[in-house]
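J.: Shown below is the structure under consideration.
The values are calculated or read from the model by the stated rules, or taken from the named source; none is laboratory data. Model, not experiment: these values are computed from the prediction. Counting neighbours? That spans all protein chains shown, and the Cβs are built from the backbone with ideal geometry, glycine included.
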Amino acid sequence: MSTPAPELLAEVLQHALDGVAIVEGAGGAPRVLYANATLAALLRRPEEWLEGRALEEIEAEAEAPADPNATVAGVGLRTRLRRSDATIIECERWAVILSDGRLALYYRPVPRSAPGALAAAVDRSSGLSTPEHLLEALRRDWAIAQRDGRPLTIMRFDLDAYRDYHDVFGRGATENVLRQVGRTIASAMRRTSDIVARVGDDEFLVLGVSMEQDAAFHHAENILGRIRALAIHHPRSRTSRFMTVSVGVVTAVPPRDSACEALLEASQKALAEAKEAGGNRVVRGEL
C-alpha cells in the first residue's frame, strides 16, 4: 500500500474533529510544529500563533497517568488548555509516537457532568462554542450592559440554499463546509469577549460586546465577503456560483425592562429579511 501524500495527510488533520498538535518528542521543552484548525478554535487563537510555541504555553496543567512508565504514548490524560481570554478548558489528551520520533497529540473537550452544569463550552463537531455557552454569556453580558449602558451585538449567519447543497453532496461534505464557514467567522472575531457558536444545522451566532452599530454592520459584511472568498462551489445556489450566507445583525444598549431573548429574536427577524431579499447580504435589525 502506498503512503498518502503529505498534502492529503495535512488536509485530513486540518478537518479532524479533535484538536491536533504535532510536537517534538525529545530534547528540551516540546514545541508545536503543526496545529490544526480545531485546536486553534479550542484555544481561541489564530493557527499561525501556535506554530513554534512551547507546549507549556498551551497546556495549563496535565494530570499524571496512573502508569508512570506510560507518560508519552497511547494513554488518555486529563489536561487543561489555556485559552487566549485566560479561561481554561478541560480536555482528554492522547499521544501517538510518529515514525520520526515526534508526537501527535489529540485533544478532546470533556463535558462537564456535575448536576446543573452546562455542557462543555466547546462543540466538538465544529470547535466553536456551544449554544448553551453563548446563551449563558449573553445573559451575563446583558445584565452588565444594562447596568453600564454598553451596546451588545448579535450577528446571525445562515447558509444560503443549505438543503440544496446537502442534497447534492451529502452529509460529510456539508459538515466539512460548515466547519470551514464556522472557522472563517471565528477567525474574524479576534477579541477575547467575542463568542461564536453553531446553532442548529446551518446557523451561526456571534455575540459581541461594546461594538458600535456601524462597525458591527461593516464587520458582518466583511465576514460575508470572506465566506464568499472561500469559493466553495454550489451548483444549486440562486445567488452565486459559490456558497454564500445571509446575515442579520442587531446592535443595541439593553433596555432595563427587556430580557436578552429580545436581542436573539431581533437578529432572527433581520436574518429572515435578508433571506427574503434573496440572500447573500447583511440586514440590520432593530431591538
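J.: Is it true that residue 233 is over 30 Å from residue 143 (Cβ atoms) and either among the acidic types (Asp, Glu) or without any contact (Cβ under 8 Å) to a residue 12 or more places away in the chain (or both)? Even if it seems obvious, please write down each step before you answer.
T.: Details: over 30 Å from residue 143 (Cβ atoms): yes; either among the acidic types (Asp, Glu) or without any contact (Cβ under 8 Å) to a residue 12 or more places away in the chain (or both): yes.
Yes; evaluated as a whole, the condition is true for this residue.
J.: Right, another one. Which of (1) within 16 Å of residue 157 (Cα to Cα); (2) surrounded by fewer than 22 Cβ atoms within 10 Å (Cβ to Cβ); (3) at pLDDT 95 or above is the odd one out, the single condition residue 200 does not satisfy?
T.: Of everything listed in (1) within 16 Å of residue 157 (Cα to Cα); (2) surrounded by fewer than 22 Cβ atoms within 10 Å (Cβ to Cβ); (3) at pLDDT 95 or above, residue 200 misses just condition (3).
J.: Within the range 133-180, which residues are surrounded by fewer than 19 Cβ atoms within 10 Å (Cβ to Cβ) and among the charged types (D, E, K, R)?
T.: 136, 139, 140, 147, 148, 150, 163, 164, 167, 171, 175
J.: Moving on. One residue is enough: does the range 188-195 have a residue meeting the conditions surrounded by fewer than 17 Cβ atoms within 10 Å (Cβ to Cβ) and farther than 22 Å from residue 152 by Cβ?
T.: Looking through the range 188-195, none of the residues is surrounded by fewer than 17 Cβ atoms within 10 Å (Cβ to Cβ) and farther than 22 Å from residue 152 by Cβ.
J.: If you take the residues in the range 229-250 that are in contact with a Phe, Trp or Tyr (Cβ under 8 Å, 6 or more places away or on another chain) and more than 21 Å from residue 176 (Cβ to Cβ), which one is surrounded by the most Cβ atoms within 10 Å (Cβ to Cβ)?
T.: 249
J.: Being modelled with pLDDT under 95, acidic (Asp, Glu), over 12 Å from residue 158 (Cα atoms) and out of contact with any Ser or Thr (no Cβ under 8 Å at 6 or more places or on another chain), is that true of even one residue in the range 247-266?
T.: Yes, the range 247-266 contains a residue that is modelled with pLDDT under 95, acidic (Asp, Glu), over 12 Å from residue 158 (Cα atoms) and out of contact with any Ser or Thr (no Cβ under 8 Å at 6 or more places or on another chain).
J.: Right, something else. Suppose we filter the range 84-103 for residues that are touching a residue at least 60 places away in the same chain (Cβ under 8 Å), surrounded by 12 or more Cβ atoms within 10 Å (Cβ to Cβ) and under 22 Å from the mean Cα position of the chain (by Cα); how many remain?
T.: The qualifying residues number 3.
J.: Within the range 219-244, track down each residue that is within 21 Å of the chain's Cα centre (by Cα) and not hydrophobic (A, V, I, L, M, F, W, C).
T.: Filtering the range 219-244 down to residues within 21 Å of the chain's Cα centre (by Cα) leaves 219-232, 243-244.
Within the range 219-244, 219, 221, 222, 225, 226, 228, 244 qualify.
J.: When you look at residue 56, is it surrounded by fewer than 18 Cβ atoms within 10 Å (Cβ to Cβ), modelled with pLDDT of 80 or more and either more than 20 Å from residue 129 (Cα to Cα) or not assigned by TED's automatic domain parsing to the domain that holds residue 187 (or both), yes or no? Explain how you work it out, then say what you get.
T.: Working: surrounded by fewer than 18 Cβ atoms within 10 Å (Cβ to Cβ): yes; modelled with pLDDT of 80 or more: yes; either more than 20 Å from residue 129 (Cα to Cα) or not assigned by TED's automatic domain parsing to the domain that holds residue 187 (or both): yes.
The answer is yes for residue 56.
J.: Have a look at 175, 276, 286 and point out the one that is acidic (Asp, Glu) and under 23 Å from the mean Cα position of the chain (by Cα).
T.: On the way: 276 fails: under 23 Å from the mean Cα position of the chain (by Cα); 286 fails: under 23 Å from the mean Cα position of the chain (by Cα).
On inspection, the qualifying residue turns out to be 175.
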